[in-house]
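The values are calculated or read from the model by the stated rules, or taken from the named source; none is laboratory data. Everything numeric here is computed off the predicted structure, so don't read it as measured data. All Cβ positions, even for glycine, are placed from backbone atoms using ideal geometry, and neighbour counts span all protein chains on display. SASA here: full protein model, heavy atoms, side chains in, ligands and nucleic acids out. Shrake-Rupley method; radii C 1.70, N 1.55, O 1.52, S 1.80 Å.
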Amino acid sequence: MSSAGEGLSRPLPEQVRLQVVELAAQVLGSMSATAVPGPLRGIAKFDPRKRARLGSAPIAAQLENDKEFRELVAETVQEAWPELVAALAEGTVPPAAEPVMVAAAAYLTRPPGWPDLVELARADLEQAAAAGSQREQAEVRLREQLAAHRATAKEEIERVREQLRSARSENAELRRKLHDARERVRSAEARAAELQAETAEATSRAATAGGAAETELRRLKERLAEAESHLEEGRRAAREGRSVEDTRIRVLMDALQDAAAGLRKELALPTSITRPADYVTGVKPGEPGVGAVPARALANDDPQLLDQLLAIPNLHLIIDGYNVTKTGYPSLTLADQRSRILTGLGGLAVQARVEVTCVFDGAELNGPVHVSAPRGVRVMFSAPGEIADDLIRRLVRAEPSGRAIAVVSSDREVAESVRRMGARPVPSTLLLRRLGRT
C-alpha cells in the first residue's frame with residue numbers, strides 16, 4: 001500500500017493486503033455501475049479472475065482513502081464471517097482463526113484496538129514464516145545429508161562391484177588354470193598309455209628277438225632317426241635363412257635387369273654387336289632410381305613427381321593406407337575408405353606395372369578384416385602392438401640396397417625415416433590426384 005493504515009505504524013502484511021484486495025474485488029464486481037467509486041470503474045469491468053491481480057494497487061488505495069467503500073466491504077466480511085467479526089468487536093480473537101483472516105477483518109471493520117490485532121497477526125505470520133524458513137533449512141540439510149549418504153552408498157556399491165569384478169576375473173583365471181591342468185593331466189595320461197603300449201610292444205619284440213642284441217639295435221636305430229631329424233631341421237633352417245637373402249638378390253637382379261633393358265632401349269644399343277668404342281674406359285650413365293628424381297627440381301606437391309617415380313623400372317610403391325584415405329575422404333567409414341583406395345590402386349598397378357603394397361593400421365580394427373585385394377596390389381595390416389608406420393619401415397628395410405622405393409605418406413616422421421633409408425617419400429595428396437585421373 002502507498003501509505004500505512006490509520007493507526008498502523010507499518011503497512012499491512014503482504015498476505016493481509018492480498019486478502020483485503022481480494023475481498024474488495026469481489027464486492028466491486030457485485031456493485032452497480034453508479035455505486036462503483038470513480039477510480040475503480042475501469043477495474044470493475046475486468047474479468048473477476050484478473051480484477052484483484054491487475055487492480056491491486058488502486059483497490060488498496062481506495063480502501064485506505066474511501067471510508068464508505070471500506071465499510072461496504074466490511075459489511076460483506078461481516079456477512080461472511082459473523083462469528084469472527086463479533087469476537088473482534090468484543091476484543092477477543094478466536095483460537096482457531098487464521099492470522100490473515102483476523103487481520104483482514106480487523107482492518108476492514110475497525111473494531112476497538114484493531115491496530116493491535118493487525119500487529120498480533122503480523123507477529124503470528126512472521127513467526128510462521130520463520131518456522132517455515134527453519135523447516136526449509138532443515139529440509140535442505142536433510143537433503144544434503146541424504147545426498148552425501150547416497151554418494152557414500154554409491155561409492156560403496158562401486159567398490160563392491162569392483163571387488164565382484166575382480167573376484168569374477170580371478171574365478172575365470174582359476175577356471176582356465178584348472179582347465180589347462182585337466183588338459184595336461186589327460187595328455188599325460190594319454191602319453192603314459194602310449195608309453196605303456198610302446199613298452200609292452202618293445203618287451204614283446206625283445207622277448208621274440210632274444211635279448212640284448214635286439215635292444216642295442218633298437219637304440220641305435222632311435223639315435224639314427226634322431227640324428228636324421230636334427231639333420232633335416234638343420235637343412236630346413238639353412239634354407240629358410242637363405243630364402244630372405246635369395247629374395248632380396250632376386251629382386252635386385254630383376255631391378256638391375258629392367259634398368260639395363262630400359263637404358264639399352266633408350267640408347268638404342270645393339271644387343272649382340274661389339275664396337276671398338278666398347279673397349280674404351282669412361283664414366284657410364286647412372287641407373288634410373290628414386291635418387292635421380294629430386295635433381296629434376298620437382299617440388300613435393302608437383303603432380304609430375306609421382307608420374308616420374310612410376311616410370312622407374314621395378315619400382316616398389318608402398319602406401320600408408322589410412323593416411324591417404326583420411327586425407328582424401330575422411331567422412332567415409334574405414335571399410336569404405338579401404339574399398340575405395342584399393343579399387344584405385346588396382347587400376348594404377350595395371351597401368352604403371354609397378355609393385356604396389358598398401359599398409360593399414362591394424363590397431364584401429366576390432367577384429368580380423370576380410371579384404372579383397374585387387375590384382376597386383378599387396379594388402380598388409382600391422383600386427384597387434386605395432387603401428388602401420390613401423391610396418392612401412394620394415395618393408396623398406398627388407399628391400400635390397402639400390403632398389404627404387406617410393407613411400408606415399410604425409411606423416412613427416414615417416415617421410416624423414418624412409419628418406420634416410422633410401423626411399424623417396426611422396427605426399428598423400430599426389431596419389432589422390434593421380435587416382436582421380438585414373
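A Cβ distance below 6 Å, combined with a sequence gap of six or more or placement on separate chains, defines the contacts here; from region 43-65, residues that are touching a residue at least 40 places away in the same chain (Cβ under 8 Å) reach residues that are open to solvent by less than 90 Å² (accessible area, probe 1.4 Å) and part of a helix (DSSP H, G or I) in the pairs 60/21; 63/24; 63/70. Test residue 340 against the criterion of being touching a Phe, Trp or Tyr at 6+ places or on another chain (Cβ under 8 Å) and open to solvent by 20 Å² or more (accessible area, probe 1.4 Å), and give yes or no. Taking the combined requirement at face value, the residue satisfies it.
Can you pull out the residues in region 103-127 that are free of Cβ contacts under 8 Å to residues at least 40 places away in the same chain and open to solvent by less than 10 Å² (accessible area, probe 1.4 Å)? If the condition is that a residue be free of Cβ contacts under 8 Å to residues at least 40 places away in the same chain and open to solvent by less than 10 Å² (accessible area, probe 1.4 Å), then 105, 106 are the ones that fit. Look through region 19-49, keep the residues that are aliphatic (A, V, I, L, M) and outside any helix (DSSP H, G or I), and return whichever of them is farthest from the chain's Cα centre (by Cα). Once the filter is applied, the top-ranked residue is 35.
Residues of region 323-333 that are touching a residue at least 24 places away in the same chain (Cβ under 8 Å) and under 17 Å from residue 391 (Cβ atoms): 323, 324. Of everything in region 86-116 that's aliphatic (A, V, I, L, M) and under 22 Å from residue 62 (Cα atoms), which residue is modelled with the lowest pLDDT? Checked region 86-116; the qualifying residue modelled with the lowest pLDDT is 106. Take the conditions (1) at pLDDT below 90; (2) open to solvent by less than 60 Å² (accessible area, probe 1.4 Å); residue 348 misses just one of them, which is (1). Summed over region 80-98, the residues that are acidic (Asp, Glu) and either closer than 16 Å to residue 109 by Cα or assigned to a helix (DSSP H, G or I) (or both) give a count of 2.
For region 379-400, the candidate set comprises residues that are closer than 17 Å to residue 323 by Cα and free of Cβ contacts under 8 Å to residues at least 24 places away in the same chain; within that set, the residue that is least open to solvent (accessible area, probe 1.4 Å) is 382.
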